[in-house]
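Student: Dumping the structure here so I can ask a few things about it.
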Amino acid sequence: MENDLIYTMTTTFEGHAQTTENGVEFWLARDLQHLLGYTKWDNFLNIVSKAKTSCEVSGHEIPDHFADVGKMVDLGSGSRREINDIMLTRYACYLIAQNGDPAKQEIAFAQTYFAMQTRKAELIERRLLESERVSARKKLSVTEKELSDVIYEQTGGNQNFALIRSKGDQALFGKTTHAMKAQWRVPNNRPLADFAPTIILKAKDFATEITIHNARENKMKNENEISGEHVTNNKAVRETLLNRGIRPESLPPAEDVKKVERRLDSVQKKTIKNPDRLEE
């Protein structure tokens, strides 16, 4: 395709995009029908039907991406009537394009256009989840540092912090820190938390926050008291997870959080170095 045609088609596709009150981008099927070069609604519905099947096979709920709606149209007589239409998410449009005739220029363009848009959304979602995990890891580090300080303030030394944290791990996982490191293949010189999924980082952080609060409120003065409190809190958090169908020791390890953080930093630096410009 020539650059001018690509620009025109991109502008046309984007010009027909709408947004729900919740900020979800969508296209109307009647608009997409013409954008993809289909003159007959019934023929286009056959493609939509195939796309719905693809959606279901992919494990997504059809109503989440294909929503039946009515639309008022003007008739030649000056009157109006309602016709059936379908609200389509970006993903639904992508599936429709994938099930269309690639020999049609409009279909070939749409396949690439919606694939790129869908991929962009997936990358954004992935980056947000990675950022959330990095933040959760940093928050846990701060909370554990605070617990170490509390132990020092109230017992006169914090040499027992590592032991208390280890006992907390055993209460949360039902296994020792060493056993979990072996299971997740964590290097001996790295903290278990660097390979923990986000939900475990937040679970450990919550249990530690409770320990800090109760240790201060109850003025605990020795390692046994604080250690027992930490074990109790981790057991309580474990029970909550189990009741919701989450078994901490059965979860797979996450990617090394240091690698994730470096990747996010690299993307940010590239964005700052090569920002989009208003004028070329």
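Read-outs: derived from the displayed coordinates by stated rules, not from any lab. Keep in mind that this is a model prediction, so the values were computed, not measured. Using ideal geometry, Cβ is built from the backbone for each residue, glycine included, and neighbour counts are taken over all protein chains shown.
Student: Give the longest segment of the chain that steers clear of trypsin sites (Lys or Arg not before Pro) in DSSP loops with at most 12 neighbouring Cβ atoms within 10 Å, not counting the sites themselves.
Tutor: In short, 41-184.
Student: Right, here's the next one. What spacing in nm lies between the two simple spin-label points modelled at Asn224 and Ser49, each 7 Å away from Cα in the Cβ direction?
Tutor: Distance between the two pseudo-spin positions: 7.6 nm.
Student: In the stretch 215-269, how does Rg compare with the Kirkwood Rh, expressed as the Rg/Rh ratio over alpha carbon atoms?
Tutor: 1.22
Student: Moving to a separate point now. For the stretch 186-237, would you read off the P(r) tail past 12 Å as a percentage of all alpha carbon pairs?
Tutor: Percentage above 12 Å: 66.
Student: Please report the relative contact order for the stretch 164-223, taking Cα pairs under 8 Å with a sequence separation of at least 6, and give it as a percent rounded to a whole number.
Tutor: Relative CO of the stretch 164-223 lands at 21 percent.
Student: Taking Cα pairs under 8 Å and at least six residues apart, what relative contact order does the stretch 126-268 come out at, in percent?
Tutor: With pairs under 8 Å counted, the relative contact order is 36 percent.
Student: Would you please report the Å³ per residue occupied by the convex hull of the alpha carbon atoms in the chain?
Tutor: Cα convex hull per residue, to the nearest whole number: 223 Å³.
Student: Distance from a point 7 Å along Cα→Cβ of Leu163 to each backbone N in the stretch 197-230: keep the residues under 13 Å and list them by number.
Tutor: So the set is 222-228.
Student: Considering the chain as a Gaussian network with a 10 Å cut-off on Cα pairs, which listed residue, Pro187, Pro253, Pro197, attains the greatest mean-square fluctuation?
Tutor: Pro187
Student: Using Cα pairs closer than 8 Å and at least 6 residues apart in sequence, work out the relative contact order for the stretch 36-169, in percent.
Tutor: Value for the stretch 36-169: 17 percent.
Student: Given C-alpha coordinates of the stretch 91-181, what is the ratio Rg to Rh with the Kirkwood estimate of Rh?
Tutor: 1.42
Student: Still on this structure: Binning at 5 angstrom from zero up to the longest distance, how are the C-alpha pair distances of the stretch 126-268 distributed in percent?
Tutor: With 5 Å bins starting at 0, P(r) equals 2, 10, 19, 21, 20, 14, 9, 4, 1, 0.
Student: What is the pair-distance distribution P(r) of the stretch 3-110, computed from all Cα-Cα distances in 10 Å bins starting at 0, with each bin given as a whole percent?
Tutor: With 10 Å bins starting at 0, P(r) equals 13, 45, 33, 9, 0.
Student: If you don't mind, there's one more thing I want to ask. Using the crude model of +1 on Lys and Arg Cβ and -1 on Asp and Glu Cβ, and no other charge, please compute the dipole size for the chain relative to its Cα centre, in debye to 20.
Tutor: 1120 debye
Student: Considering the options His16, Leu45, Leu32, tell which one lies farthest towards the positive end of the dipole of the stretch 3-110, charges being +1 on Lys and Arg and -1 on Asp and Glu at the Cβ, about the Cα centre.
Tutor: Leu45
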